[in-house]
Amino acid sequence: EAGVTQFPSHSVIEKGQTVTLRCDPISGHDNLYWYRRVMGKEIKFLLHFVKESKQDESGMPNNRFLAERTGGTYSTLKVQPAELEDSGVYFCASSLLGAATNEKLFFGSGTQLSVL
Amino acid sequence: QKEVEQDPGPLSVPEGAIVSLNCTYSNSAFQYFMWYRQYSRKGPELLMYTYSSGNKEDGRFTAQVDKSSKYISLFIRDSQPSDSATYLCAMGEDSNYQLIWGAGTKLIIKP
């Protein structure tokens, strides 16, 4: 069974440019999460999808970030325009059942975003 | 003050040693406590989870939660070089799926 896949693995862009990150969850997982880790800091929650609906986007830093999940399958996270402080590792995770915190999250390998 | 404090290390120990990793927290509403392991250039992988206080053992790994002290621990027995990774604690409240993470401790097991 394929795990959570993220693309690209690395992205280097200039300030002001647009970047789109993609996440393919494990097939059949309705719950999809985006997290971010800025260098030297903790992993922070960004948002949570249940199927195609945004369940919670309270962790999104500002309106330069837009997440979508077309048809409840893969998800994209777009940053437009990117700023220096957006640099970090963006993780996607998926889970099968409800949003209980004790449920196992399966993480992708992350996208390392560098904004220069 | 951070909600979850975790020493970033690195912690370097010889192979076969017992490793103790710890986190402290400030939110008394936390009920779920987890330990994740993250290898370089990989995503976090769930190792252990515990609900409320107590101990949980799985092979060479033991997780302990002391809610009175707001302190959680992960013990690794007979440590192996393959245990070298970053270990992250994460915790959450009932009915709130947002996990709060520690910064992670980098562990190095020397052969």
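The values are calculated or read from the model by the stated rules, or taken from the named source; none is laboratory data. No experiment lies behind these values; they were computed from the predicted model shown. Cβ coordinates were reconstructed from backbone atoms using ideal geometry, including for glycine residues, and neighbour counts include every protein chain displayed. These accessible areas exclude ligands, DNA and RNA; they are computed on the full protein's heavy atoms, side chains included. Shrake-Rupley method; radii C 1.70, N 1.55, O 1.52, S 1.80 Å.
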Please check: in the Gaussian network model of chain A (C-alpha springs, under 10 Å), which one of A:Asp24, A:Asp56, A:Asp86 has the largest mean-square fluctuation. A:Asp56
Quick P(r) readout (the protein assembly as shown; Cα-Cα; 5 Å bins; whole %) gives 1, 7, 14, 18, 18, 17, 12, 8, 4, 1, 0
Which residue, A:Thr18, A:Tyr33, A:Leu46, has the largest displacement toward the positive end of the dipole of chain A when charges sit on each Cβ (Lys, Arg +1; Asp, Glu -1)? A:Thr18
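I need to check one value: relative contact order of chain B, counting alpha carbon pairs closer than 8 Å and at least 6 residues apart, in percent. Write down the numbers at each step before the final one.
Working: 277 pairs, mean separation 41.1, N = 111.
For chain B, the relative contact order is 37 percent.
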Shielding of B:91-104 by partner chains, average beta-carbon count, 10 Å: 5
³J(HN,Hα) computed for each position of region A:53-62 - Karplus, 6.51 cos²θ - 1.76 cosθ + 1.60, integer Hz, glycine/proline x: 9, 6, 7, 7, 10, 5, x, 5, x, 5
Relative contact order, percent, region A:9-49 [alpha-carbon distance under 8 Å, six or more residues apart]: 29
Average beta-carbon neighbours from other chains, 10 Å sphere, peptide B:44-55: 2
Under 5 Å between amide H atoms, partner at least 5 residues away or on a different chain: which partners does A:Ser109 have, H built in plane at 1.01 Å? A:Gln6, B:Gly43
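Which FRET efficiency value, to the nearest 0.05, is calculated for A:Leu84 and A:Ser9 with the Förster distance at 25 angstrom and r the Cβ-Cβ distance?
The calculated FRET efficiency here is 0.75.
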Residue-normalised value, i.e. accessible area per residue, for region B:4-110 at 1.4 Å probe, in Å², stands at 45
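Write down the accessible area per residue of chain A in Å², having rolled a 1.4 Å probe over the full set of protein chains. All intermediate terms of the calculation are to be shown ahead of the outcome.
Working: 5630 Å² over 116 residues.
Heavy-atom SASA per residue in chain A reads 49 Å².
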Alpha-carbon Debye profile of region B:4-110, log10 I(q)/I(0) at 0.16, 0.18 Å⁻¹: -0.65, -0.82
Estimated dipole of region B:4-110 in Debye, rounded to 20 [Cβ of Lys and Arg +1, of Asp and Glu -1, Cα centre]: 220
List of region B:1-29 residues, accessible area with partners at least 40 Å² below that of the chain alone (1.4 Å probe): none
Chain A: relative contact order from alpha carbon pairs under 8 Å, six or more residues apart, as a whole percent, is 37
Whole angstrom only: what separates the Cα centroid of region A:1-59 from the Cα centroid of region B:71-99? 21
Determine how many Å³ per residue the convex hull of the Cα atoms of region A:1-70 encloses. 118
Quick check for me: using +1 on Lys/Arg Cβ and -1 on Asp/Glu Cβ, what's the dipole size of the protein assembly as shown about its Cα centre, in debye to the nearest 20? 320
Buried by partner chains in region A:16-52 (accessible area down by at least 20 Å² vs chain alone, 1.4 Å probe, heavy atoms, protein only) are A:Tyr35, A:Arg37, A:Glu42, A:Ile43, A:Phe45
Ranking A:Phe49, B:Phe61 from most to least accessible area with a 1.4 Å probe gives B:Phe61, A:Phe49
Along the charge dipole of chain B, pointing to its positive end and built from +1/-1 on Cβ of Lys, Arg, Asp and Glu, which listed residue (B:Gln64, B:Tyr36, B:Tyr25) has its Cα farthest out? B:Tyr36
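Using a probe of 1.4 angstrom, how much of the accessible area of chain B is carbon and sulfur, in percent?
The value for chain B is 47 percent carbon and sulfur by accessible area.
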Carbon/sulfur accessible area of chain A, % of total, 1.4 Å probe, equals 51
Heavy-atom accessible surface that B and A bury in contact, both chains counted, 1.4 Å, Å² to 100: 1800
